[in-house]
Amino acid sequence: MPERTNMFINAQAQDLEIAGVYKDLDANLLNLIKTNKIDPKPLMICSGSTSSSCAAKGHWTLDLRHRFKKIKFIPSQNDVLIEAGVNMATLVDQLEKHKRSFPIGISGTTGIGYILTGGISPLSRKYGLAIDQVKEVRGIWATGEKFILERPVSSSDEDRIIQWKALCGAAPFLAIITHLKLKTNPLKSLRVWETSLEPDQLAETILISEGLPPEASIYWMWGKTIKAFVVLELQGNHRDSQFEEIVNQLPRSKDFKTSLINNLTQLNQFKLPIPSNSANQKQHSEVLGLLGPPLKEHSFQLIKSIEKLMQKKPNESSYISSQQLGGATVVGKNHLSSFIHRDSMWKPWITGSWEAGNEEQRKESLDWMEQGWLELEKFFPGVHLAQIHPHLNWHQKEVNAAFKSWLPELQQLKSKYDPEGILLPL
Ligand SMILES: Cc1cc2nc3c(=O)[nH]c(=O)nc-3n(C[C@H](O)[C@H](O)[C@H](O)COP(=O)(O)OP(=O)(O)OC[C@H]3O[C@@H](n4cnc5c(N)ncnc54)[C@H](O)[C@@H]3O)c2cc1C
């Protein structure tokens, strides 16, 4: 039976008056899906509950965290089979027991929505996107039909290849994923470097970072001040010298620090130049992720644009950040995913926040985000649909920018596997 209470991590989702929560994909819910009796549509799907689209006002949510919690490591293949309610910190902690790892993002709180929407990790330049580690997907199409799909090979039939490509990056529009089998990597320690920077120093850092080896990546956050982090996976005895060599090239301020961590969940401990929700009045927010190619010398122009945007930022909790791609995320046209922007080097994201319930501030922040998008799309023409916004007026624009020429084919698949619009609109 569905329940009325919700426990979403995303503050905005948590405060919504929803119809209720389904805690299992049981025969009853399956029947409602098959007979097109979900009312109202879409049915919202929640794995980690960290995004605003795991719930919607007046809608039902299927919260997979209650019944889909198993993790099974398969030592013979070094693969791991996870259910859809497992969060990334739990996954990495479990894998650590087997001296293995998985390229999670900069926070372990996210669920498998992180993997399904692409999954950009500080280790992606070495191992690829999270979506590239998937070996098998299980779930139900939005028609209610069950499926188990293994990663296709070049001789696989065309339908299977297309289904796989669609699920890896666009699953939230087509299917409810219940299980993923993932490749794992050997666990290695990580060196982290952090420093505050001035805008000009950030431009220089971006320029230099584009030439870093794939074991290293940078991410930065521009809030009250600018903070940059370099993460490097240590490979052998001599890697500390490689770390020194890399960070010695980069601009720094007096507060720079280095640390050694065991796995990516420990990145949580680093201090960011943005106020945390608990210290202030409760904040709601939206996040828009963009994607674009190497900036080269345009990094200085970008920084000028961001400086102007930051002067107009609505409050202290709104900010602009970026993660780095490149290396193993750059794959040829024949890659099997809906993450099409494979020439990307940067994923900047704009976070617009407001005091919970303050409509005026909400409008101001969303307007600032849209202005920011217009300004930044000159450098970053793609969208990373890590956060999906069916409730905002820019949803069609974000979908177009995420999938570009692949969108018509995805929409055809949508009419086949979700003809009644049970899941998010595409
Ligand atoms: C603190 C923080 C740090 C982050 N860092 C990174 C990062 O480093 N790299 C990166 O790439 N992204 C990052 N993200 C973005 C995050 O990966 C995405 O927002 C992701 O969609 C969250 O997944 P979730 O399962 O936690 O969220 P949810 O809110 O539960 O789900 C997100 C969306 O995915 C869909 N979905 C979820 N589960 C399923 C399923 N089983 N089947 C079908 N559809 C499903 C839902 O419909 C929903 O729209 C970060 C987000 C946060 C909050």
The cysteines in the chain that find no other cysteine Cβ closer than 4.7 Å to their own Cβ are 168
Loop-only check: which GluC sites (Glu not before Pro) in the stretch 90-161 are DSSP coil with at most 15 other Cβ within 10 angstrom? 145
Putting +1 on Lys and Arg Cβ atoms and -1 on Asp and Glu Cβ atoms, find which of 212, 270, 394 reaches farthest to the positive end of the dipole of the stretch 190-405. 394
Using a Gaussian network model of the chain with C-alpha springs under 10 Å, which one of 154, 353, 121 is most mobile by mean-square fluctuation? 154
Calculate for the chain the 222 nm mean residue ellipticity that helices alone would give, adding -39,500 (n - 2.57) per DSSP H run of length 4 or more and normalising by residue count, nearest 500 deg cm²/dmol. -8000 deg cm²/dmol
Say the dipole of the stretch 71-186 comes from +1 at the beta carbon of Lys and Arg and -1 at that of Asp and Glu; which of 131, 154, 105 then lies farthest toward its positive end? 105
Considering Cα pairs under 8 angstrom that are at least six residues apart, work out the relative contact order of the chain and quote it in whole percent. 17 percent
How large is the charge dipole for the stretch 190-405, taken about the Cα centre, if only the Cβ atoms of Lys, Arg (+1) and Asp, Glu (-1) carry charge, to the nearest 20 debye? 200 debye
With unit charges on the beta carbon (Lys/Arg positive, Asp/Glu negative), name the residue among 47, 32, 60 whose Cα is farthest towards the positive pole of the charge dipole of the stretch 11-63. 32
Suppose every Lys and Arg Cβ carries +1 and every Asp and Glu Cβ carries -1, with no other charges. What dipole size does the chain come out with about its Cα centre, to the nearest 20 debye? 840 debye
If you build a Gaussian network model of the chain, linking Cα atoms that sit under 10 Å apart, which residue out of 202, 91, 374 swings the most? 374
Cα-centre dipole for the stretch 14-89 with unit charges at Cβ (Lys and Arg positive, Asp and Glu negative), debye to 20: 160 debye
Rounded to whole Hz and in sequence order, give me ³J(HN,Hα) for the stretch 125-133 from the Karplus expression 6.51 cos²θ - 1.76 cosθ + 1.60, θ = phi - 60°, writing x for Gly and Pro. 5, 8, 10, x, 6, 4, 4, 6, 8
What trypsin sites (Lys or Arg not before Pro) does the stretch 240-342 have in DSSP loop regions with at most 13 other beta carbons within 10 Å? 254, 271, 282, 312, 333
For the stretch 12-26, in order, what is each residue's ³J(HN,Hα) by Karplus, 6.51 cos²θ - 1.76 cosθ + 1.60 with θ = phi - 60°, in whole Hz (x at glycine and Pro)? 5, 4, 4, 8, 6, 8, 9, 5, x, 10, 8, 9, 8, 8, 8
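None of the figures in this text is laboratory data; all of them are computed from the coordinates on show. Every value quoted in this text rests on a predicted model; they were computed, and no experiment measured them. Heads up, the Cβs are rebuilt from the backbone with ideal geometry, glycines too, and the neighbour counts pull from every protein chain shown.
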